[in-house]
Amino acid sequence: MTPARGDHDARRTEVSEAVWRVLAERGFGGLTLRAVAAELNASTGLLTHYFPNKRALVAYALDLLDRHAVDRPRPAAARTSPADGGLALLRAVLLDILPLTPEGVAGNRIWVGSWDAALADPELAAEHAARYRRARERLTELVALAREQGALAGEGSVEEVAAAAQGFVLGLVVQALFAPAEFPPARQVELLDRYLDGLGGPAGGGR
(Lines give C-alpha, C1' and ligand atoms only; values in the text may rest on other atoms or scores of the structure.)
Protein backbone atom coordinates (compact mmCIF):
# COMPACT_ATOMS: atom_id res chain seq x y z
CA MET A 1 0.00 0.00 0.00
CA THR A 2 1.39 3.39 -0.97
CA PRO A 3 1.73 5.77 2.01
CA ALA A 4 -0.59 8.76 2.00
CA ARG A 5 0.97 12.02 0.90
CA GLY A 6 0.51 13.48 4.37
CA ASP A 7 2.32 10.51 5.94
CA HIS A 8 5.16 10.87 3.41
CA ASP A 9 5.52 14.59 4.14
CA ALA A 10 5.43 13.99 7.88
CA ARG A 11 8.12 11.33 7.61
CA ARG A 12 10.25 13.60 5.45
CA THR A 13 9.93 16.32 8.10
CA GLU A 14 11.05 13.85 10.76
CA VAL A 15 14.03 12.87 8.62
CA SER A 16 14.94 16.52 8.07
CA GLU A 17 14.83 17.22 11.80
CA ALA A 18 16.98 14.15 12.50
CA VAL A 19 19.55 15.22 9.89
CA TRP A 20 19.68 18.67 11.46
CA ARG A 21 20.18 17.28 14.98
CA VAL A 22 23.03 15.09 13.78
CA LEU A 23 24.63 18.07 12.04
CA ALA A 24 24.30 20.20 15.19
CA GLU A 25 25.77 17.51 17.45
CA ARG A 26 28.41 15.91 15.21
CA GLY A 27 28.96 18.18 12.23
CA PHE A 28 29.32 16.98 8.67
CA GLY A 29 32.09 14.59 9.66
CA GLY A 30 29.60 12.62 11.75
CA LEU A 31 26.77 12.73 9.24
CA THR A 32 26.09 9.13 8.20
CA LEU A 33 23.02 7.11 7.32
CA ARG A 34 23.59 5.08 10.48
CA ALA A 35 23.73 8.20 12.67
CA VAL A 36 20.53 9.63 11.17
CA ALA A 37 18.79 6.27 11.50
CA ALA A 38 19.79 6.05 15.17
CA GLU A 39 18.44 9.57 15.73
CA LEU A 40 15.13 8.43 14.21
CA ASN A 41 15.14 5.08 16.05
CA ALA A 42 14.77 3.53 12.61
CA SER A 43 16.71 1.23 10.32
CA THR A 44 19.13 2.41 7.66
CA GLY A 45 16.89 0.56 5.21
CA LEU A 46 14.13 3.07 5.82
CA LEU A 47 16.49 5.94 5.03
CA THR A 48 17.53 4.51 1.68
CA HIS A 49 14.06 5.49 0.50
CA TYR A 50 15.24 9.09 0.85
CA PHE A 51 19.01 8.75 0.45
CA PRO A 52 20.37 5.91 -1.70
CA ASN A 53 23.94 6.76 -0.69
CA LYS A 54 26.10 9.05 1.46
CA ARG A 55 26.45 11.63 -1.31
CA ALA A 56 22.67 12.01 -1.55
CA LEU A 57 22.52 12.50 2.22
CA VAL A 58 25.25 15.16 2.13
CA ALA A 59 23.58 16.96 -0.81
CA TYR A 60 20.30 16.99 1.10
CA ALA A 61 22.03 18.22 4.26
CA LEU A 62 23.59 21.12 2.35
CA ASP A 63 20.19 22.06 0.95
CA LEU A 64 18.68 21.80 4.43
CA LEU A 65 21.47 23.98 5.82
CA ASP A 66 20.79 26.57 3.13
CA ARG A 67 17.08 26.61 3.97
CA HIS A 68 17.81 26.98 7.68
CA ALA A 69 20.18 29.86 6.87
CA VAL A 70 17.48 31.58 4.81
CA ASP A 71 14.74 31.06 7.39
CA ARG A 72 16.69 31.79 10.58
CA PRO A 73 15.92 34.98 12.52
CA ARG A 74 18.04 38.02 11.63
CA PRO A 75 17.74 40.36 14.61
CA ALA A 76 20.00 43.11 13.27
CA ALA A 77 18.15 43.24 9.96
CA ALA A 78 14.81 43.16 11.77
CA ARG A 79 15.82 46.29 13.68
CA THR A 80 16.87 48.09 10.49
CA SER A 81 14.66 49.56 7.78
CA PRO A 82 15.34 51.07 4.35
CA ALA A 83 14.81 54.47 5.95
CA ASP A 84 18.00 53.90 7.96
CA GLY A 85 20.02 53.89 4.74
CA GLY A 86 22.11 51.49 2.68
CA LEU A 87 25.11 51.50 5.03
CA ALA A 88 22.95 50.59 8.02
CA LEU A 89 21.34 47.78 6.02
CA LEU A 90 24.76 46.53 4.89
CA ARG A 91 25.97 46.52 8.49
CA ALA A 92 22.84 44.66 9.64
CA VAL A 93 23.22 41.94 7.00
CA LEU A 94 26.88 41.43 7.92
CA LEU A 95 26.10 41.38 11.64
CA ASP A 96 23.54 38.64 11.12
CA ILE A 97 26.20 36.44 9.52
CA LEU A 98 28.44 36.58 12.60
CA PRO A 99 28.25 34.05 15.47
CA LEU A 100 26.98 36.56 18.01
CA THR A 101 24.41 34.26 19.69
CA PRO A 102 24.38 30.57 20.64
CA GLU A 103 22.14 29.94 17.64
CA GLY A 104 24.55 31.87 15.42
CA VAL A 105 27.47 29.85 16.74
CA ALA A 106 25.69 26.54 16.11
CA GLY A 107 24.63 27.50 12.60
CA ASN A 108 28.08 28.76 11.66
CA ARG A 109 29.78 25.65 13.06
CA ILE A 110 27.61 23.51 10.80
CA TRP A 111 28.15 25.82 7.84
CA VAL A 112 31.94 25.88 8.19
CA GLY A 113 31.90 22.12 8.69
CA SER A 114 30.10 21.78 5.36
CA TRP A 115 33.02 23.28 3.43
CA ASP A 116 35.07 20.09 3.51
CA ALA A 117 32.16 17.99 2.23
CA ALA A 118 31.43 20.49 -0.54
CA LEU A 119 35.06 20.87 -1.63
CA ALA A 120 35.35 17.11 -2.05
CA ASP A 121 32.65 17.06 -4.74
CA PRO A 122 32.71 19.40 -7.79
CA GLU A 123 28.92 19.49 -8.10
CA LEU A 124 28.39 20.27 -4.43
CA ALA A 125 31.19 22.84 -4.59
CA ALA A 126 29.46 24.57 -7.50
CA GLU A 127 26.21 24.70 -5.52
CA HIS A 128 28.04 26.22 -2.55
CA ALA A 129 29.70 28.77 -4.83
CA ALA A 130 26.27 29.72 -6.18
CA ARG A 131 24.99 30.28 -2.62
CA TYR A 132 27.88 32.63 -1.85
CA ARG A 133 27.37 34.36 -5.19
CA ARG A 134 23.73 35.08 -4.34
CA ALA A 135 24.81 36.51 -0.99
CA ARG A 136 27.35 38.77 -2.73
CA GLU A 137 24.68 40.02 -5.10
CA ARG A 138 22.59 41.13 -2.12
CA LEU A 139 25.62 42.83 -0.56
CA THR A 140 26.39 44.51 -3.89
CA GLU A 141 22.91 46.04 -3.95
CA LEU A 142 23.42 47.47 -0.47
CA VAL A 143 26.89 48.81 -1.28
CA ALA A 144 25.47 50.53 -4.37
CA LEU A 145 22.66 52.04 -2.29
CA ALA A 146 25.10 53.30 0.36
CA ARG A 147 27.18 54.94 -2.37
CA GLU A 148 24.17 56.60 -3.92
CA GLN A 149 23.38 58.04 -0.50
CA GLY A 150 26.96 59.25 -0.02
CA ALA A 151 27.58 56.97 2.95
CA LEU A 152 30.46 55.09 1.27
CA ALA A 153 33.37 56.37 -0.77
CA GLY A 154 33.46 55.52 -4.46
CA GLU A 155 36.81 53.70 -4.68
CA GLY A 156 36.62 50.29 -6.37
CA SER A 157 33.59 48.75 -8.01
CA VAL A 158 30.56 47.91 -5.91
CA GLU A 159 31.13 44.25 -6.77
CA GLU A 160 34.69 44.39 -5.41
CA VAL A 161 33.59 46.12 -2.22
CA ALA A 162 30.83 43.54 -1.68
CA ALA A 163 33.22 40.64 -2.28
CA ALA A 164 35.74 42.12 0.16
CA ALA A 165 33.04 42.64 2.80
CA GLN A 166 31.89 39.05 2.42
CA GLY A 167 35.47 37.82 2.69
CA PHE A 168 36.08 39.91 5.80
CA VAL A 169 33.01 38.72 7.65
CA LEU A 170 33.57 35.05 6.75
CA GLY A 171 37.14 35.31 7.98
CA LEU A 172 35.87 36.83 11.22
CA VAL A 173 33.40 33.94 11.55
CA VAL A 174 36.23 31.41 11.39
CA GLN A 175 38.35 33.27 13.96
CA ALA A 176 35.39 33.60 16.33
CA LEU A 177 34.61 29.89 16.08
CA PHE A 178 38.19 28.80 16.74
CA ALA A 179 38.98 31.41 19.40
CA PRO A 180 35.71 32.53 21.00
CA ALA A 181 37.49 33.96 24.05
CA GLU A 182 39.57 36.21 21.79
CA PHE A 183 36.64 37.18 19.58
CA PRO A 184 33.59 37.55 21.83
CA PRO A 185 30.46 39.15 20.32
CA ALA A 186 31.37 42.67 21.42
CA ARG A 187 34.76 42.48 19.72
CA GLN A 188 33.23 41.03 16.55
CA VAL A 189 30.86 43.99 16.35
CA GLU A 190 33.70 46.42 17.03
CA LEU A 191 35.89 44.90 14.30
CA LEU A 192 33.05 45.00 11.80
CA ASP A 193 32.35 48.66 12.57
CA ARG A 194 36.03 49.50 12.15
CA TYR A 195 36.04 47.69 8.83
CA LEU A 196 32.99 49.59 7.60
CA ASP A 197 34.47 52.90 8.76
CA GLY A 198 37.58 52.02 6.76
CA LEU A 199 35.54 51.76 3.56
CA GLY A 200 35.42 55.52 3.46
CA GLY A 201 32.07 56.23 5.01
CA PRO A 202 31.57 58.79 7.77
CA ALA A 203 32.85 57.62 11.15
CA GLY A 204 30.11 55.62 12.84
CA GLY A 205 27.96 56.06 9.75
CA GLY A 206 26.58 52.52 9.96
CA ARG A 207 25.62 52.67 13.60
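Values for this structure:
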read-out: Where N is the number of residues in the stretch 58-140, Cα Rg divided by 2.2 N^0.38 Å; value: 1.18
read-out: Accessible carbon and sulfur surface of the chain relative to its total accessible area, %, 1.4 Å; value: 55 percent
read-out: Spherically averaged projected area in nm², based on the convex hull that wraps the Cα atoms of the stretch 15-67; value: 3.1 nm²
read-out: Average accessible area per residue (Å²) across the chain - probe 1.4 Å, nucleic acids and ligands excluded; value: 54 Å²
read-out: Positive-pole candidate from Ala186, Ala35, Leu172, dipole of the chain, charges at beta carbon; value: Ala35
read-out: Rel. contact order, % - alpha carbon contacts under 8 angstrom, at least six apart, the stretch 19-70; value: 36 percent
read-out: Volume per residue of the C-alpha convex hull in the stretch 84-207, rounded to whole Å³; value: 99 Å³
read-out: Where only C-alpha atoms are counted, convex hull volume of the chain per residue in Å³; value: 138 Å³
read-out: Span-rule helices in the chain, defined as complete DSSP H runs reaching 18 Å or more along the axis (Cα) with Kyte mean at least -1.0; value: 54-71, 102-119, 122-148, 158-178, 185-198
read-out: Simple Cβ-charge dipole of the chain, Lys/Arg +1 and Asp/Glu -1, about Cα centre, in debye nearest 20; value: 320 debye
read-out: Neighbour-limited loop hits for GluC sites (Glu not before Pro), the stretch 123-161 (at most 10 other Cβ within 10 Å; DSSP other than H, G, I, E, B); value: Glu155
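The values are calculated or read from the model by the stated rules, or taken from the named source; none is laboratory data. Computed from a predicted model, the values in this text were never measured in an experiment. Methodologically, a virtual Cβ is constructed for each residue, glycine included, from the backbone with ideal geometry; neighbour enumeration extends over all protein chains shown. Just the protein is used for accessible areas: all its heavy atoms, side chains included, with ligands, DNA and RNA removed. Shrake-Rupley method; radii C 1.70, N 1.55, O 1.52, S 1.80 Å.
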